[in-house]
1. Could you list, in sequence order, the residues of the stretch 187-224 that are among the acidic types (D, E) and open to solvent by 50 Å² or more (accessible area, probe 1.4 Å)?
2. Starting from the stretch 179-208, take each residue that is in contact (Cβ under 8 Å) with a residue 60 or more places away in the chain and hydroxyl-bearing (S, T, Y) and list its partners that are surrounded by 18 or more Cβ atoms within 10 Å (Cβ to Cβ) and outside any strand (DSSP E or B), counting only C-beta distances under 7 angstrom and pairs at least six apart or across chains.
3. Just checking, which of K171, K165 is closer than 13 Å to Y13 by Cα and without any contact (Cβ under 8 Å) to a residue 24 or more places away in the chain?
4. Which members of the stretch 98-123 meet the condition of being assigned to a strand (DSSP E or B) and of a type in the set (S, T, Y)?
5. Of all residues in the stretch 85-97 being of a type outside the set (A, V, I, L, M) and not in a helix (DSSP H, G or I), which is farthest from the chain's Cα centre (by Cα)?
6. Hey, can you tell me all the residues within the stretch 22-36 that are open to solvent by 20 Å² or more (accessible area, probe 1.4 Å) and either over 18 Å from L115 (Cα atoms) or touching a strand residue (DSSP E or B) at 6+ places or on another chain (Cβ under 6 Å) (or both)?
7. Restricted to the stretch 196-222, and to residues that are over 18 Å from the mean Cα position of the chain (by Cα) and modelled with pLDDT under 90, which residue is nearest to N101 (Cα to Cα)?
8. Is it fair to say G134 is crowded, with 22+ Cβ neighbours inside 10 Å, over 22 Å from N31 (Cβ atoms) and out of contact with any strand residue (DSSP E or B) (no Cβ under 6 Å at 6 or more places or on another chain)?
Amino acid sequence: MNHIGFNLGPLGYAVTAMPPLTPDALANFDNLPEDPYYTERWRQFSQYILFYENDHWACRVLEHRPFVQAKAYNQKVGGVKRGFDPITGVDPTPQFAHLANLMKFDKNQAFQVNLHQWRTRVSDVYKGATIPEGPHRDGHHITSVTVWNRKNVSGGDSTLFQIGKTEPFFKQVLEPGQCLVMRDEDMVHGADDITANSDEGGSRDIWVISINPWNDRRYGDTFEEFASAEVSSGSDPIAAE
């Protein structure tokens, strides 16, 4: 891949403060439906085109489609068309624009963006597994994780690994409003499980934003056909979101 995130520097990542969500957008986490594929999560998903016009970044939601990961990146459900409800009542333009400006995206290009909104819960029923599939790559040019709320929990450290390494070179608890953005193809990312601070249980609310140039988009019939292709024996069996 040609890096659209070369402005992230030689380490390929940055921690940045995201523009805040509106109260209504934050409240939307309370209404997320259960993720039918992972019992630890409540989740919605939408896709967008991001472009620059009239001196600012703008986005438009794309026709809703299933979420599909290439089998090379997700051995568990790769190639499966996972159906999630679309995100409603949220305008992600300020956050998308912040990332585009941070990475100094080419204003003459358009970009395709995946937005996952999910809540992880921990209680006597739920284990608090923030990433049930473990450390992974997602198969995008850019991936970012933004924490919006941490309610009565500890842990959940975000981690980054060099490919093939087992010890992280980055490990940090993201506080509400903080975003970890990375060149996805250059590293493996993960997060530790959360634990509850009391018997009441707790939760962690995040956005995962993945960005690709429009001409290398992860959207539409062509990509879904590619994502469903069988993996060759030499492919990298790394799980994904």
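1. Residues of the stretch 187-224 among the acidic types (D, E): 192-193, 199-200, 205, 216, 221, 224.
Of everything in the stretch 187-224, those that are among the acidic types (D, E) and open to solvent by 50 Å² or more (accessible area, probe 1.4 Å) turn out to be D192, D193, D199, E200, D216, D221.
2. Note: pairs meeting the criteria are T195/G128.
3. Result: K171 is the single residue among K171, K165 that is closer than 13 Å to Y13 by Cα and without any contact (Cβ under 8 Å) to a residue 24 or more places away in the chain.
4. T120
5. In this case the residue turns out to be G89.
6. P23, E34
7. Filtering the stretch 196-222 for residues that are over 18 Å from the mean Cα position of the chain (by Cα) and modelled with pLDDT under 90, the one nearest to N101 (Cα to Cα) comes out as G220.
8. Values: crowded, with 22+ Cβ neighbours inside 10 Å: no; over 22 Å from N31 (Cβ atoms): yes; out of contact with any strand residue (DSSP E or B) (no Cβ under 6 Å at 6 or more places or on another chain): yes.
Spelling it out, it is not the case that G134 is crowded, with 22+ Cβ neighbours inside 10 Å, over 22 Å from N31 (Cβ atoms) and out of contact with any strand residue (DSSP E or B) (no Cβ under 6 Å at 6 or more places or on another chain).
The values are calculated or read from the model by the stated rules, or taken from the named source; none is laboratory data. This one's a predicted model, so the numbers in the text were calculated from it and none came from an experiment. Neighbour counts are summed over all protein chains in view; Cβ atoms, including those assigned to glycine, are modelled from backbone coordinates with ideal geometry. When the accessible area is computed, the model is the full protein with side chains, heavy atoms only, and any ligands, DNA or RNA have been set aside. Shrake-Rupley method; radii C 1.70, N 1.55, O 1.52, S 1.80 Å.
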